[in-house]
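The values are calculated or read from the model by the stated rules, or taken from the named source; none is laboratory data. In this text, all values refer to a predicted model and were calculated from it rather than measured experimentally. Positions of Cβ are generated from backbone atoms using ideal geometry, with glycine treated the same way; all protein chains shown enter the neighbour counts. To get the accessible areas, we keep the full protein, side chains included, count just its heavy atoms, and leave off ligands, DNA and RNA. Shrake-Rupley method; radii C 1.70, N 1.55, O 1.52, S 1.80 Å.
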Amino acid sequence: MPSLARMPVLPEVTLPLNELVHPYQRHYFTCHADDASYRIRRYDFGSSGRFLPLVRAYLNTLTAHRDAEFRYLFTLLGTELATNALKHSDSGLPGNTYSLLAERHRDGITLTCRDDGDRAFWRSPGRHERRYLAPDPGGLDPESDAGRGLAMVDALSTRWGDDGRADYRKVWFFLAYDLRDSAWNHL
């Protein structure tokens, strides 16, 4: 069996992010309200934080039919899920991905982030146990160094949750169009 040669380190290049998007999916990133007619829309993103502007364009287009306040909040929360996937799962490793799935409802939008999980946990004895995420109780404290992400999602979304799996975790939030049950209305 032949051995696999190591891939040499390649130089970094700069190219427009839209060059990475298939032409049939370019309308996912236009930020135009006329491109927001969908029931379900999904896109897979690469493992680099450098794709976050593309993530924000995707989230902004998903909500282009709503007012600026809703778009801002939805994009903020969605970017947090994407950042957590990159930071806390194998989705942040080179060559891996995570997906963002939006489901539009009559009264709001559900966004689900599916990441590549934690392979180290897969090998642990309790790998079949479900472990649900919980926000850090002090996460919204301005002096806090970490733990703000899920605390923010918990406070600002209408509702949120996860599937408790360490392999290919799905974290989701629902944001009602009228922002009900969101701390945003009380800020």
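Per-structure values
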{"item": "Distant-in-sequence amide H partners of residue 30 (H built 1.01 Å from N, under 5 Å)", "result": "none"}
{"item": "Under 5 Å, built H, 5+ apart or other chain: amide partners of residue 96", "result": "47"}
{"item": "Sites residue 48 and residue 76, calculated FRET efficiency, Cβ-Cβ separation with R0 25 Å, nearest 0.05", "result": "0.80"}
{"item": "Value in Å of the Kirkwood radius, where the range 1-102 supplies the Cα pairs that are averaged", "result": "15.0"}
{"item": "Helical segments meeting 18 Å axial Cα length and Kyte-Doolittle -1.0 threshold in the chain (DSSP H)", "result": "68-88"}
{"item": "Fully extended contour minus Cα-Cα distance, from residue 107 to residue 17, at 0.36 nm per residue", "result": "29.2 nm"}
{"item": "Sum of -39500 (n - 2.57) over DSSP H runs of 4+, divided by residues of the chain (222 nm, nearest 500)", "result": "-7500 deg cm²/dmol"}
{"item": "For the range 1-140, accessible area per residue (1.4 Å probe, heavy atoms of protein chains only), Å²", "result": "64"}
{"item": "Measure of compaction for the range 71-171 (Cα Rg per 2.2 N^0.38 Å)", "result": "1.11"}
{"item": "Per-residue HN-Hα couplings for the range 105-117 [Karplus 6.51, -1.76, 1.60; θ = phi - 60°; Hz; x = Gly/Pro]", "result": "10, 4, 10, x, 10, 9, 10, 10, 10, 10, 10, 8, x"}
{"item": "Assigned charges on the beta-carbon of Lys, Arg, Asp, Glu; the chain dipole about Cα centre (debye)", "result": "600"}
{"item": "Longest to shortest principal axis, alpha-carbon extents of the chain, angstrom", "result": "61, 43, 32"}
{"item": "Under-5 Å amide H pairs with residue 163, H placed in peptide plane, nonlocal only", "result": "170"}
{"item": "Separation in nanometres of the label points that stand 7 Å from Cα toward Cβ, at residue 129 and residue 145", "result": "2.8"}
{"item": "q = 0.15, 0.26 Å⁻¹, the range 8-64: log10 I(q)/I(0) [Debye, one scatterer per Cα]", "result": "-0.47, -1.16"}
